[in-house]
1. For the range 1-119, which fully contained helices (runs of 4 or more DSSP H) count at least 3 residues that are polar (S, T, N, Q)?
2. Can you tell me which residue among Ile89, Ile97, Ile84 is of a type in the set (Val, Ile, Thr), modelled with pLDDT of 95 or more, over 30 Å from Ile222 (Cα atoms) and surrounded by fewer than 16 Cβ atoms within 10 Å (Cβ to Cβ)?
3. Could you say which residue among Lys211, Lys218, Lys157, Lys126 is basic (Lys, Arg), in a loop (DSSP other than H, G, I, E, B), surrounded by fewer than 17 Cβ atoms within 10 Å (Cβ to Cβ) and out of contact with any Pro (no Cβ under 6 Å at 6 or more places or on another chain)?
4. Which residue out of Leu180, Leu164 is closer than 28 Å to Lys67 by Cβ, outside the structural domain of Asn45 (by TED's automatic domain parsing), in contact (Cβ under 8 Å) with a residue 60 or more places away in the chain and part of a helix (DSSP H, G or I)?
5. Residue pairs, Cβ under 7 Å, 6 or more apart or interchain, first in the range 79-105 and assigned by TED's automatic domain parsing to the domain that holds Ile22, second part of a helix (DSSP H, G or I) and among the polar types (S, T, N, Q). List them.
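The values are calculated or read from the model by the stated rules, or taken from the named source; none is laboratory data. All of these numbers come straight from a predicted model, not from anything done at the bench. Quick reminder, even Gly has a Cβ in these numbers, built from the backbone with ideal geometry, and neighbours come from all protein chains shown.
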Amino acid sequence: MLKPEIIVICGPTASGKTSLGIELAKKINGEIISADSMQIYKEMNIGTAKPSKEEQQNIEHYLLDFKSPDERYSVADFNKDAKICIEEILNKGKKPIIVGGTGLYIDSLINGIAYKEITYDEKVRKKLEKEAEEKGLEELYLKALEIDKEATQKISKNDKKRILRILEIYYQTGKTKTQLEKLSKEQPNPYNFKMYALNWDRNILYDRINKRVDIMIKEGLIEEVKQLKEKYNHFPTAMQGLGYKEVVEYLEGKIDKEEMIEKIKKETRHYAKRQLTWFRRYEQITWLEGSCGIQNNLTIILEGKSN
């Protein structure tokens, strides 16, 4: 029996994934499942570049704008929810399209990683949070590197959330994140994923990122973060999002406005670079040149699609 075909559109931030995904959905009677770890949160619209209802153009979007900023949401949660959405879309006789740039989310689907043995233990997390505060994140990074070199080398030394997760997994299961992923990959994947990634000349991409940040500031990112801070006492996961943690620093008087804007741009450029490195690991991916335009890239996707 033929496996259902699922199209994945990924790539770095500010590369045009959202627009391409929407235009593709209109062409193939598709619906979109977001694979963005920050666009899941309600009230976080400007800093996540979340598509508005108008921008969605009546295309159904899933896993978008549905979690409170103070709620936890893991890769395992995404994996489970995305599969439910895929089946719902297929049962409607429509085509599922995964759109997003969160590598771990996409990896969990492509490689069938279920993370069945991984749970969340608040005591372990609080202990690690305290250790990071007292000893510094670098020490925890080195510890994670010693425990699970393969997983740790894939992330930034400043990625507190994922460093703590690597340690959590090991302390809770006695297995490394890499070991659990390999065990999970032994299960057959029920879907046929066709992957496409948007690529741009580096200078053009960086210019797009810089302009996007300027637009976010103009549209009210500072006010958005201020309102979130006033409403929620504790939302560390959401505050790890690019743009949000830098604005918090500004609001707390740690940096001035210009420093904040430049820091957001710099960190976003670094993030885009890491995303490109991540997606280049996939041998089956088809790279699309963003400068060729949406219509040309649509043609490439449609010609590569199975009937």
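1. Those helices (runs of 4 or more DSSP H) do not exist here; none qualify.
2. Ile84
3. Result: Lys157 is the single residue among Lys211, Lys218, Lys157, Lys126 that is basic (Lys, Arg), in a loop (DSSP other than H, G, I, E, B), surrounded by fewer than 17 Cβ atoms within 10 Å (Cβ to Cβ) and out of contact with any Pro (no Cβ under 6 Å at 6 or more places or on another chain).
4. Answer to the selection: Leu180.
5. Within 7 Å, the pairs are Asn79/Ser108; Val99/Thr18; Gly101/Gln275; Gly103/Gln275.
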